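Okay, so here's the structure we're looking at.
No value in this document is a laboratory result; all are computed from the given coordinates. Just so it is clear, the model here is predicted, and its values are computed rather than measured. Cβ sites come from the backbone with ideal geometry, for glycine too, and all protein chains shown count toward neighbours.
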Amino acid sequence: MFVIRPKNFFLLPSDPPRISSSAPVFTTSIFLALQTKMPRLPIRGIQLHYDDRGEGSPIVFVHGHPFDHTMWKYQVPRFAPDHRLIMPDLRGYGRTDVIPGKVMLDEMALDILHLLDALQIDSAVFCGLSMGGQIVLDFYRLFPHKVKALVIVDSDARGETPESHQQRLQKADLIIATGMRQHTNDTIHQYIAPASMNNQPVYTHLYEMMSSTNAAGAAAAHRGRADRRDHLPILSNIRIPTLIVVGEDDYFTPLPIARLMSDRIPGAELAVIPGAGHLPNMETPEKFNDILHDFLHHHL
């Protein structure tokens, strides 16, 4: 059993820092299929691209910054046989239209609501990573009746401090000035654990996602996140199954932040994955998928 019971946690056994020959291989054809078969819909003044795979009870996967929906490709083979997977490219990311300036996270939550309405999906499990986790919390705050369960991965429910608010605005300006390739070169090592830097397929995928993100879209999201809500006050009101997942080596949102959320959400479960940084669903997909599968099997 990989999922942590309330207020406790354990560590999964670490993998050696190498690419195992027995690890699942995600071929170029699968990656290209995820890229080329995406439908799009006119949503709130933009063309929103999304992937829609599998059949069964729906799961909405919400990507982080500066990524796109393909960060969830490692979950498709495991969950598409039993679930309908909805994976949007958020406003300003991937193939979805860019709105320069500032995009608030609750604007992205509204985009997802309209997407689900267009797809005639009444409710779903929501899984969000990093910025995606913050968007999922905004979605729950606005539309709790639409959410069957929450999975928050390597995220932070707190609002910004005055210092971090200013840092986000400065980072947005820097991204516009120097571009996403330079931003990727400067920061990619912060997103994944040291062992994952040697995982060439994951590293290449991450580099391509980050460096190809539109700078104006990334900057707009940074400005919106600078003004994001503090969700700590709502955590104690969450009354649905909730799973908090964190990579043991997460640079941005380490274990104490994950524990803060799990302690405040009644009955929340906490899982820590050794050998993973900020992106455990990519870095250690088998472990992440086992944790998510057990959580869904237990609660749904």
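Quick look at the values:
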| item | result |
| --- | --- |
| Contact order relative to length of the range 168-300, as percent, for alpha carbon pairs under 8 angstrom and 6 or more apart | 27 percent |
| Normalised contact order of the chain, rounded percent, pairs of Cα under 8 Å and 6 or more residues apart | 24 percent |
| Relative contact order [Cα under 8 Å, 6+ residues apart], the range 25-160, whole percent | 23 percent |
| Estimated distance in nm for a label pair at Ile176 and Leu255, the labels positioned 7 Å out from Cα along Cα-to-Cβ | 4.0 nm |
| For Ser57, residues with placed amide H under 5 Å, excluding near neighbours | Arg84 |
